[in-house]
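**Student:** The structure follows.
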Amino acid sequence: MGFWSSWFGNEEAPKPSRVTLIPDVLSMFVEYSEEDSPTLEVTSDGLRRHNQAELSFAVQHRETDNPEALLGDLADFLRTVDDLASQGRIVEDGDLTEFGERAFLAPEVGGIVYAQNAGRLWGILVKRDEIPVVKMGGAHRVLTRLGAANSHYPFPTTSDLHRASVSHQDAEESSVLAGLPTAKVAGLAATLRGKTLELTAAPRVRAAIAALLPQIPANMGVGFLTSPSQEATGSFVWSPGQDGAGAITAPGTTGESLCGWVLVIAPEQPTDHIRLIEDGFGLLLQDATWERLRAALRDGDELAIQPDGDSFGLRLSWLPDVYVNPVDGTRLTAEGGWKTYQPQGREPVEGQRIVLLSDEQALERAISTERLSAYIKTLFLLMVEARGSLSPELVVQVDLEPSRPPQFTGKPEQPLPETLSTQIGAVKAPTVTEPIAFQLILAALAAE
């Protein structure tokens, strides 16, 4: 029996298990399911020692495919990623790996695009004729089409080896991006909220823009391929021949904030006009306005353009690269910027914020999103009751570790009320497989 043979066959499929790829440093977790369609899921363990996010793949195949060969290809690929990461060649959201003529998993697979979903970096297989679409409009142009085709927001994480292509072949050349110089700007997110286009930039954007601008004459149009927005509840989708704007939204939302995937900037305009264009936004700008935006992106400054008539307004803001922990005063830095999150729900309480002190991949490994969300919701309800009608900001740091009771800490100048400590301590904490930490912040209520 071959090395992989015990995973497949007529006998009951084994439970998820760890397979060693490079002794002591790299392995992968493997799960095989045949419930609906045969699906092979693997997740690496060990890439993060090279500052490479761990990678997940879920590959759906037919009974005529050889699952042992598929698993062998994925194992070899993860070894290659590990080798490249050791040289500083990292893949992240929006990147593309192209295979050329080399076969990988199936003849029609032309490459892999990478995208974040629920705290994990997924490798999504793309067809050979979809590669030009990715190169022109970015990875998310293909991913959102897959999401729309499968009614799955933001995109299906399972790659069907034999799915239909979402490329429109020669019609893709009708895109406004055809012939336009484009550049991926990692860390720059574009979200439409009401009449305002909100640009949110991570600290790393400054260096990226500083490197790009000398290559772009001030009077030349350019397309910036943007990153996912943490605040968006939906995203724009575009295909050639589409009549009007299209979007997909998260379940239970109404699309009040929609993420775009490209900024098409056209200078030398008589007036400023910001509008929807394909799966992103067109910024038709006067030269002076374009120069202000260039300078703000290069220097890390904020910028605001008010909406005018049928033109959207624009607001550029920056994520802080340093977070001063209010509990112990530690200064924490993050290249991607410090993000805070608002709990999702039908009746959110104003002023609730969540700060993750562990990276999203650690959270994904340690606990399911559903169990952590339910736990946080319960703690917030108790915090709201404890705050009363008028009180200062309330901060609770939660540290969860395997086989240990949860630890709750408040700010030094504002220890947790005894009643609140007792109540949150009585809540059954979810089990975690590795240490994680986060802060729950309830803003002060203003006196009426």
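The values are calculated or read from the model by the stated rules, or taken from the named source; none is laboratory data. Note that the structure is predicted; figures quoted are calculated from it, not measured. Backbone-built Cβ (ideal geometry, glycine too); neighbour counts: all protein chains shown.
**Student:** Among Val395, Val327, Val384, which is the only one that is more than 30 Å from Trp122 (Cβ to Cβ), assigned to a strand (DSSP E or B) and at pLDDT 75 or above?
**Tutor:** Val395
**Student:** Filter segment 94-123 down to the residues that are within 24 Å of Arg365 (Cα to Cα) and at pLDDT below 95, then identify the one that is surrounded by the most Cβ atoms within 10 Å (Cβ to Cβ).
**Tutor:** Within segment 94-123, the match that is surrounded by the most Cβ atoms within 10 Å (Cβ to Cβ) is Leu121.
**Student:** Let me ask you something else. Does segment 425-433 contain any residue that is closer than 17 Å to Asn325 by Cα and at pLDDT below 90?
**Tutor:** no
**Student:** In addition: Scan segment 308-324 residue by residue and report those that are closer than 24 Å to Thr226 by Cα and modelled with pLDDT of 80 or more.
**Tutor:** Within segment 308-324, Asp310, Ser311, Phe312, Gly313, Leu314, Arg315, Leu316, Ser317, Trp318, Leu319, Pro320 meet the criteria.
**Student:** Taking the criterion of being of a type in the set (Gly, Ala, Ser) and touching a Lys or Arg at 6+ places or on another chain (Cβ under 9 Å), would at least one residue in segment 62-78 satisfy it?
**Tutor:** Looking for residues that are of a type in the set (Gly, Ala, Ser) and touching a Lys or Arg at 6+ places or on another chain (Cβ under 9 Å), one finds none in segment 62-78, hence no.
**Student:** Scan segment 157-175 and give yes if some residue there is within 24 Å of Pro67 (Cβ to Cβ) and of a type in the set (A, V, I, L, M), otherwise no.
**Tutor:** yes
**Student:** Enumerate the pairs (first residue in segment 358-383 and over 18 Å from Gln407 (Cα atoms) and among the polar types (S, T, N, Q); second residue anywhere and at pLDDT 90 or above and not in a helix (DSSP H, G or I)) with beta-carbon separation below 6 Å, excluding pairs fewer than 6 apart on the same chain, so at least 6 apart or on different chains.
**Tutor:** Gln361/Ala53; Gln361/Glu54
**Student:** While we're here: Name the residues in segment 122-139 that are over 20 Å from the mean Cα position of the chain (by Cα) and in a strand (DSSP E or B), would you?
**Tutor:** Lys127
**Student:** Output the number of residues of segment 202-217 satisfying the condition of being of a type in the set (D, E, K, R) and either buried (at least 22 other Cβ atoms within 10 Å of the Cβ) or within 13 Å of Ile277 (Cα to Cα) (or both). Steps first, answer last, please.
**Tutor:** Residues of segment 202-217 of a type in the set (D, E, K, R): 204, 206.
After this cut, where a residue has to be either buried (at least 22 other Cβ atoms within 10 Å of the Cβ) or within 13 Å of Ile277 (Cα to Cα) (or both) as well, the list is none.
The qualifying residues number 0.
**Student:** Does His273 count as surrounded by fewer than 19 Cβ atoms within 10 Å (Cβ to Cβ), at pLDDT 95 or above and not assigned by TED's automatic domain parsing to the domain that holds Leu105?
**Tutor:** So His273 passes the test.
**Student:** OK, next. Taking the criterion of being without any contact (Cβ under 8 Å) to a residue 40 or more places away in the chain and of a type in the set (Asp, Glu), would at least one residue in segment 218-240 satisfy it? Before the answer, list the steps.
**Tutor:** So the first thing to find is which residues in segment 218-240 are without any contact (Cβ under 8 Å) to a residue 40 or more places away in the chain, and the list is 233.
Among the residues that remain, those that are also of a type in the set (Asp, Glu) are: none.
No, segment 218-240 contains no residue that is without any contact (Cβ under 8 Å) to a residue 40 or more places away in the chain and of a type in the set (Asp, Glu).
**Student:** Quickly run through segment 166-181 and pick out the residues that are under 17 Å from Glu130 (Cα atoms) and out of contact with any Pro (no Cβ under 8 Å at 6 or more places or on another chain).
**Tutor:** Passing the criteria: Val166, Gln169, Asp170, Glu173, Leu177, Ala178.
**Student:** Those residues that are touching a strand residue (DSSP E or B) at 6+ places or on another chain (Cβ under 8 Å) and not in a strand (DSSP E or B), I need them from segment 54-69; list them, please.
**Tutor:** Glu54, His61, Asp65, Pro67
**Student:** Another question, then. Under the condition of being modelled with pLDDT under 90 and not in a strand (DSSP E or B), which residue from segment 435-448 is nearest to the chain's Cα centre (by Cα)?
**Tutor:** Ala443
**Student:** May I ask you to list the residues in segment 70-100 that are of a type outside the set (A, V, I, L, M) and not in a helix (DSSP H, G or I)?
**Tutor:** Gln87, Gly88, Arg89, Glu92, Asp93, Gly94, Asp95, Thr97, Glu98, Phe99, Gly100
**Student:** Step by step: first the residues of segment 163-201, then only those that are part of a strand (DSSP E or B) and basic (Lys, Arg), then the one that is surrounded by the fewest Cβ atoms within 10 Å (Cβ to Cβ). Which residue is that?
**Tutor:** Pass one, segment 163-201, residues part of a strand (DSSP E or B): 182-193, 196-201.
Filter once more, keeping what is basic (Lys, Arg): 184, 193.
Numbers: Lys184: 19, Arg193: 16.
Here the residue is Arg193.
**Student:** Return the total of residues in segment 218-237 being outside any loop (DSSP other than H, G, I, E, B) and either of a type outside the set (Phe, Trp, Tyr) or surrounded by fewer than 23 Cβ atoms within 10 Å (Cβ to Cβ) (or both). Explain how you work it out, then say what you get.
**Tutor:** From segment 218-237, those outside any loop (DSSP other than H, G, I, E, B) are 222-227, 234-237; that's our starting set.
Among the residues that remain, those that are also either of a type outside the set (Phe, Trp, Tyr) or surrounded by fewer than 23 Cβ atoms within 10 Å (Cβ to Cβ) (or both) are: 222-223, 225-227, 234-235, 237.
So the answer is 8.
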